[in-house]
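Have a look at the structure below, then the notes.
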Amino acid sequence: MALIVQKYGGTSMGSIERIKNVAQRVKRWHDNGHQVVVVVSAMSGETNRLIDLARQISKEPNAREYDQMVSTGEQVSISLLAMALNEIGVSAKSMTGGQVAIRTDDSHTKARIQHIDDSQIRAALDAGMVVVVAGFQGVDDKGDINTLGRGGSDTTGVALAAALSADECQIYTDVDGVYTTDPRVTPKAKKLSKITFEEMLEMASLGSKVLQIRSVEFAGKYQVPLRVLSSFDENADGKFDDDFKKNVGTLITTDEGDSMEQPIISGIAFNRDEAKVSILAVPDRPGIASSILSPISAANIEIDMIIQNIAENGLTDFTFTVNRGDFDKTLAILGDNLAEIGDKEIVSNNKVVKVSLVGVGMRSHAGVASKMFETLAENNINIQMISTSEIKISVLIQEEQLEKAVKALHTAFGLDREDGESKVAGL
Ligand code: ADP
Ligand code: ASP
Ligand code: MG
């Protein structure tokens, strides 16, 4: 029999009815003789509600207090699910991150898991219990609660699966797998039966929120078999057989398969949280990029795409992007430092989005970029910035053109499903 770690997200835990549904699903796995550890998120909307409360008190809340509070959503979920399991005859025990002993560093709001003590979980599993663990949280060596960043329950799930050498980590969500692109943007998106870690890592880092990026990093590093699947699939019988392993959800795998048969592009990711800043006519001399960007990086703001235009008369335009949430802070820092680069004009735009094509097949195929640019041109979509790496190409475009761009690229790269219609559970 298998040891399975299952993670249920906010939508799957979104109401009492849904929590009862999760309990029934867990019971089926347990009844089939499997050992089950369940990681849960806060009920949908709860984490946002808590964050909003904090923001009403302070624009930049004390990080320790923020984590102490924002982690409570998961504490409610674990107890409700454990009660629901007990109610249907499954012996279950809930545990917070601290009770398990999920040890993190002390970078509040974006902590990393350093160590997990699996002894208590193993003891409970050996006693025939289901263990329900709070996602998104851990405790640092001072005993303070730290959270793992938005979507962090995925990472709790994978980290527990690694610590327990689980047979599989199953991420149950409101769609039935990883799609060629977000099925909410195009109903022609196709479910993938497999995707490589490398591609999933790019998809997640480029904005596909179906898995938190750290969970994919973790799974790749510790070779955790990882599957994304639906918590609303009515045929699930809790059997871990060949049929399940082959057909259910999407498996994240190290196997690149036969590259001849692989599509060039596996998926399209996008990120709506982009903002662009340009500084016009800065002197084209060594050190200029560093004098603009260093104070921004020093404030812990991540800079994404960068372009420096061709110099004219010894002057150049310097453009970069940051996360939209860091936009105001970035402009304020630039304002403070402008004198140093000679009081230049700043042009900014926080209504931009990044669209990216991802695929390991790109390594062996030329012409992906030109086809992408052609497709966007045919659709009158202006490209503001471009960045590429071995297995991805990203472009920055105006926000209102996102849907049109994703749909056109999805069709142009042959990703559309044949029957033309979305069959995504829950959408
Ligand atoms: P949970 O609350 O279960 O953690 P999330 O909202 O974090 O769920 O992630 C699931 C959502 O991810 C889906 O509802 C879907 O809109 C979105 N998504 C984005 N990109 C993709 C993709 N390529 N495949 C599937 N879902 C995607
Ligand atoms: N509840 C947290 C969030 O909303 C963690 C998670 O759901 O994974 O980000
Ligand atoms: Mg999520």
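The values are calculated or read from the model by the stated rules, or taken from the named source; none is laboratory data. Being a predicted model, the structure only gives us computed values, none of them experimental. Neighbour counts run over all protein chains shown; Cβ positions are idealised from the backbone, glycine included. Just so you know, the surface numbers come from the protein's heavy atoms only, side chains and all, with ligands and any DNA or RNA stripped out. Shrake-Rupley method; radii C 1.70, N 1.55, O 1.52, S 1.80 Å.
Numbers at a glance
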| read-out | value |
| --- | --- |
| Neighbour net charge for A281 - beta-carbon separation under 10 angstrom, K R +1, D E -1 | -3 |
| Residue among L226, L293, L402 with the largest mean-square fluctuation in a Gaussian network model of the chain, springs linking Cα atoms under 10 Å | L293 |
| Centre separation in Å (Cα based) which lies between the range 322-370 and the range 391-413 | 16 |
| Length gained when the stretch K246-Q114 is fully extended (0.36 nm per residue, less Cα-Cα span) | 44.3 nm |
| Simple label model, 7 Å out from Cα along Cβ direction - I88 to E378, nm | 4.9 |
| In Å², nearest 10: area of D243 left accessible to a 1.4 Å probe | 100 |
| Angle in degrees between helix 16-31 and the longest Cα principal axis of the chain, rounded to the nearest 10 | 60 |
| 3J(HN,Hα) from dihedral phi, the range 61-75, Karplus parametrisation 6.51/-1.76/1.60, rounded to Hz, x for glycine, proline | x, 3, 5, 5, 5, 4, 5, 4, 7, 5, 7, 6, x, 5, 5 |
| Candidate residues I213, I306: accessible-area rank, largest first, probe 1.4 Å | I306, I213 |
| Helical contribution to [θ] at 222 nm, DSSP H n ≥ 4, -39,500 (n - 2.57), averaged over the chain, rounded to 500 | -10500 deg cm²/dmol |
| Cross-link partners of K191 among lysines (Cα-Cα below 21 Å; sequence separation of 8 or more within a chain) | K7, K209, K245, K246, K392, K404, K407, K423 |
| With all protein chains modelled, accessible area of K351 [1.4 Å, Å²] | 100 |
| The chain: most fluctuating residue of D304, D416, D140 per GNM, C-alpha cutoff 10 Å | D304 |
| E390/E60 FRET efficiency (R0 45 Å; Cβ-Cβ; nearest 0.05) | 0.75 |
| Placed amide H near V39: partners under 5 Å, 5+ positions off or other chain | Q6, K7, Y8, V133 |
| 0 to 90° range, to nearest 10: angle between helix 327-341 axis and the chain longest Cα axis | 30 |
| Under 13 Å, Cβ to Cβ, from N62 - net charge with Lys/Arg +1 and Asp/Glu -1 | -1 |
| Net charge over other residues, Cβ less than 13 angstrom from the Cβ of A408 (K, R count +1; D, E count -1) | 0 |
| Distance between the range 188-231 and the range 61-105 - C-alpha centres, whole angstrom | 25 |
| R272 accessible area, 1.4 Å probe, all protein chains in place, Å² to nearest 10 | 120 |
